[in-house]
Structures are given as structure tokens and as C-alpha cells.
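Structure, as C-alpha cells:
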């Protein structure tokens, strides 16, 4: 299989690419991103793109499965407008290109609480993206809704790092439904979804843990 990935410099995307490169089932891994991952492997090809100019790269989004892991925070984006562009527009534009190029599978990392009419901006973006993706003609769509992600990121997110330290202890006793999940676990679940497609479309937190086993 030929895997396509966006968001490869993030936590889940980075774990995903490293895992894909170890799998015999994937003969090629093509990453579309704004900067290089720093990884070197015979099966890895990197396309450095400007997501604002899909006319320059959309025709290259060809393969068997597109893994979409792109995302940012309001602090890093600087504004809601920029966050919407990264979390929604760039991901949808890439998905649209993949669908036009007859990519069969699409696997999206969304978020717990994703809802198109949510009063929370971040959850609303995720929900709106999910609804838009489901209208595209992929043969198979899988949406994962993880909670707080655990793992080492390329960029530092102060509040998130603090939450990573205290949340495991808290959720051991309460809020099991919202307990953190390692980025590597989400990546394994994505690969399982690609290799063993099921009729299920949306996977909530507990289901992601089970899928990754």
C-alpha cells in the first residue's frame, strides 16, 4: 500500500510515519508538509508544499490511504482565523484532492467532543470538518476522536505539558472517559484501521484503545 500523510511533524503524525515505515504492508510513505520531518528512510518521500496553493500539489495526492493528522492551537496559530485554516481548510483541501484522485481510504484524527454546532471553537472546527469529510466519495472513512494526547512534541505547549503530568493521576479515579492517550497508541489505531477496515466510521476514546491492541 502507498500511504499519504499530512501533519507528520506533530505528535500523532510523527509516531504514525515512524510506525508506517516499519510495516511491510506499506511500500511507500509520502508526507505532505510545510517543512521536513528530519526522518530518513528508503520508503519515505517528502513533498514540501504550501497548503494555501493546492493547485501546485493536489495532483500529487495519489495513493491507497490518506492519514490526516494536521492540527494546531489557538496560541500557535495566533488567531481563530488561522487555526480554522490549519485545522479545517488545509485538511479538507487535501482530502478533497485525494478523493478526486481516487484514494480509497481516508483516516482522520479528530477530537473528543467534536460537534459542528459546539459552543467551543476547537470542537466546532473538528465537528464541521468531520461532517464535510463524510460528504466526500471515499470508499472508506475512519474518524478517531482521542482525548488529551500524551507524548513528546517538536514544539512545547506549556499548558498541555502541565495537563499531561496531572491528568493521568486524576483520570485514574474519575473521568475515565476522558483519560489521556499516547500519540503512539492513536497512530497504531490508525494503521489498524487502514489494514483492517470495518463498517464502523467513528471511534471514540475507549474504541481507539481497543483498535490499537
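No value in this document is a laboratory result; all are computed from the given coordinates. What you see is a predicted model, and the numbers here were worked out from it, not measured in a lab. Neighbour counts run over all protein chains shown; Cβ positions are idealised from the backbone, glycine included.
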> Counting other C-beta atoms within 10 Å, which of 64, 206 has the fewest, and how do the rest follow?
Replying inline: 206, 64
>> Quick check on the exposure proxy: order 66, 129, 21, 150 from fewest to most C-beta atoms within 10 angstrom.
In response: 21, 150, 129, 66
> Taking 0.36 nm per intervening residue step and subtracting the Cα-Cα distance, what contour gain separates residue 201 from residue 73 on full extension?
Replying inline: 43.5 nm
> So what is the calculated 222 nm ellipticity per residue for the chain, using -39500 (n - 2.57) for each DSSP H run with n of 4 or more, over all residues, to the nearest 500 deg cm²/dmol?
Replying inline: -10500 deg cm²/dmol
> When only Cα pairs under 8 Å and 6 or more residues apart are kept, what is the percent relative contact order across the chain?
Replying inline: 20
> Which of the peptides 28-36, 41-49 is most tightly packed, and how do the rest follow, judged by the mean count of other Cβ atoms within 10 Å per residue?
Replying inline: 28-36, 41-49
> If you take every DSSP beta bridge whose two residues both sit in the chain, what share of them, in percent to the nearest 5, is antiparallel?
Replying inline: 0
> Can you tell which of 186, 103, 202 shows the greatest fluctuation in a Gaussian network model of the chain with Cα springs below 10 Å?
Replying inline: 202
>> If the elastic network links every pair of Cα atoms under 10 Å, which of 56, 82, 102 fluctuates the most in the Gaussian network model of the chain?
In response: 56
>> Once each part is reduced to its C-alpha centroid, what is the distance from the stretch 126-148 to the stretch 20-64 in angstrom?
In response: 20
> How many nm separate the modelled label positions at residue 22 and residue 45, each set 7 Å beyond the Cα in the direction of the Cβ?
Replying inline: 2.5
> Of 38, 63, 113, which has the largest mean-square fluctuation in a 10 Å C-alpha GNM of the chain?
Replying inline: 38
